[in-house]
Amino acid sequence: MNSRRWGIILALMGSAMFGLSSLCAQVLFDSYQAGSEWLVSIRLLISGFCVLVYSALFLGDNIFVFFKSPKDVLQMLAYSILGMASAQYCFFKGIEVSGAALVTIVQFMAPVFVYLYLVLTKEKDFLLSELFFVLSTVAGVALIVTNGDLHHLNMSLIGVFLSLMTGVCVAFYTVQPRHLLAEYCASTVIGWGMFLGGLAFQLVHPIYKVEMQTNMTSLILLAFVIVVGTAMAFITYTTSLKYIDPSMTSILSAVQPLLVTVLSAFIFKEAYGWIEMLGTILVVGSVIMLTRKRPDKKKVSMMKGKKIA
């Protein structure tokens, strides 16, 4: 198997695990009265620990190296609390309020927020065609949350707000730790981001104050959310970046909202009409087009030169 194909498989697996994790979380909320605050608290703490162990034992990384730099410690704290913990809380609270499918689709527009930030900071050139895809994404979200009727919301206002805030927080933890990711191992940065975010979240809801009906099924679902849907998903998805371009992983991440949408219809019997489906296609398609790799200007000019010659 060539490296590119292996990278595609890893990216698809990571996206699928993220999606299945959100569905398991909804089952925990609906059937076992799990609290989103407690679930975020235990998920971040344990999965962060698992990722750090993986980074230290399997990758041989010095996971404590960044503590030598006070500046990097402050950046890590911002990444873990304002990015990782905030995104996880908004996401799971949104699922608890409005369900996994709608929240997963709406938060999928995080790359739009990243794009707008890069344009505003002049790190990326503005293209009129990309503005079209931004507006298409917004239109798609509007169709999903209103079902085509502007006077009626298909999900609660708090659900819409939490979904959008998840996208903003994901955009933040995508852009903010770029210096850390350039200096240190990605799994170490992600592991500490989750673990420190989990530690901070103990002030919100300590893990020993269990807020869930416990039996074998609920514990299996919880283990899946923490180990498979978080730790393994992050490791798998990050590893795919070794083999394929980040723009390709962004495209393959579309598996997550599509998988969740289809399975939600079967598992939770959620009605999903053609207008919402159109909105989903607009969001996913526009984000894919927006995150596709731009052609290199030098290569384009060289190709043009060859054609003229």
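Test each condition in (1) β-branched (V, I, T); (2) over 22 Å from L143 (Cα atoms); (3) modelled with pLDDT under 90; (4) part of a helix (DSSP H, G or I) for V284 and report the one that comes out false.
Evaluating V284 over (1) β-branched (V, I, T); (2) over 22 Å from L143 (Cα atoms); (3) modelled with pLDDT under 90; (4) part of a helix (DSSP H, G or I) leaves (2) as the failure.
Can you name every residue in segment 35-75 that is under 22 Å from K242 (Cα atoms), part of a helix (DSSP H, G or I) and acidic (D, E)?
Across segment 35-75, there are no qualifying residues.
Identify, please: which residue in segment 35-60 is of a type in the set (A, V, I, L, M) and closer than 20 Å to V103 by Cα and is, among those, surrounded by the most Cβ atoms within 10 Å (Cβ to Cβ)?
Selected residue: L44.
Within segment 259-281, can one find any residue that is touching a Phe, Trp or Tyr at 6+ places or on another chain (Cβ under 7 Å) and modelled with pLDDT of 85 or more?
no
Can you spot a residue in segment 163-173 that is out of contact with any Leu (no Cβ under 7 Å at 6 or more places or on another chain), surrounded by fewer than 18 Cβ atoms within 10 Å (Cβ to Cβ) and either modelled with pLDDT under 85 or over 20 Å from S286 (Cβ atoms) (or both)?
No, segment 163-173 has no match at all.
Would you check if L10 is modelled with pLDDT of 95 or more and hydrophobic (A, V, I, L, M, F, W, C)?
No, not satisfied.
Go through segment 158-213 and give me each residue that's under 18 Å from the mean Cα position of the chain (by Cα) and assigned to a loop (DSSP other than H, G, I, E, B).
Q176, P177, listed by residue number.
For the structure I just gave you, tell me whether L45 is closer than 30 Å to L143 by Cα, more than 14 Å from the chain's Cα centre (by Cα) and modelled with pLDDT of 95 or more.
no
What residue, of V228, V260, V255, is touching a residue at least 24 places away in the same chain (Cβ under 8 Å), under 27 Å from Y184 (Cβ atoms) and surrounded by 14 or more Cβ atoms within 10 Å (Cβ to Cβ)?
Result of the check over V228, V260, V255: V228.
Could you tell me which of the residues A231, A254 is of a type in the set (G, A, S) and either touching a strand residue (DSSP E or B) at 6+ places or on another chain (Cβ under 7 Å) or farther than 30 Å from W38 by Cβ (or both)?
Exactly one residue qualifies, and that residue is A254.
Six or more apart or on different chains, Cβ under 6 Å: which pairs go from a residue in segment 23-44 that's over 22 Å from I190 (Cα atoms) to one that's of a type outside the set (A, V, I, L, M, F, W, C) and not in a helix (DSSP H, G or I)? Could you list them?
Y32/Q213; Q33/Q213; G35/E211
Quick one: which of V119, V134, V114, V97 is surrounded by fewer than 24 Cβ atoms within 10 Å (Cβ to Cβ), free of Cβ contacts under 8 Å to residues at least 12 places away in the same chain, in a helix (DSSP H, G or I) and of a type in the set (A, V, I, L, M)?
Step by step, each of V119, V134, V114, V97 is checked, and only V119 is surrounded by fewer than 24 Cβ atoms within 10 Å (Cβ to Cβ), free of Cβ contacts under 8 Å to residues at least 12 places away in the same chain, in a helix (DSSP H, G or I) and of a type in the set (A, V, I, L, M).
Here is a list: Y173, Y208. Which entry is free of Cβ contacts under 8 Å to residues at least 60 places away in the same chain, closer than 22 Å to L52 by Cβ and among the hydroxyl-bearing types (S, T, Y)?
Y208
Could you check, for segment 61-78, whether at least one of its residues is touching a residue at least 40 places away in the same chain (Cβ under 8 Å), polar (S, T, N, Q) and in contact with a Gly (Cβ under 8 Å, 6 or more places away or on another chain)?
No.
Suppose we keep only residues that are on the phi < 0 side of the Ramachandran plot and among the polar types (S, T, N, Q) within segment 1-34. Which one would you say is surrounded by the fewest Cβ atoms within 10 Å (Cβ to Cβ)?
Across segment 1-34, the extreme among qualifying residues is N2.
Give segment 176-189 a look and list any residue that's among the charged types (D, E, K, R) and either without any contact (Cβ under 8 Å) to a residue 40 or more places away in the chain or surrounded by 21 or more Cβ atoms within 10 Å (Cβ to Cβ) (or both), or say none.
R178
With the condition kept exactly as written, say whether any residue in segment 100-108 is in contact with a Ser or Thr (Cβ under 7 Å, 6 or more places away or on another chain), within 19 Å of V287 (Cβ to Cβ), modelled with pLDDT under 90 and not in a helix (DSSP H, G or I).
No, because not a single residue in segment 100-108 is in contact with a Ser or Thr (Cβ under 7 Å, 6 or more places away or on another chain), within 19 Å of V287 (Cβ to Cβ), modelled with pLDDT under 90 and not in a helix (DSSP H, G or I).
The values are calculated or read from the model by the stated rules, or taken from the named source; none is laboratory data. Small disclaimer: the values here were computed from a predicted structure and weren't measured. Glycine gets a Cβ as well: all are built from the backbone with ideal geometry, and neighbour counts include every protein chain shown.
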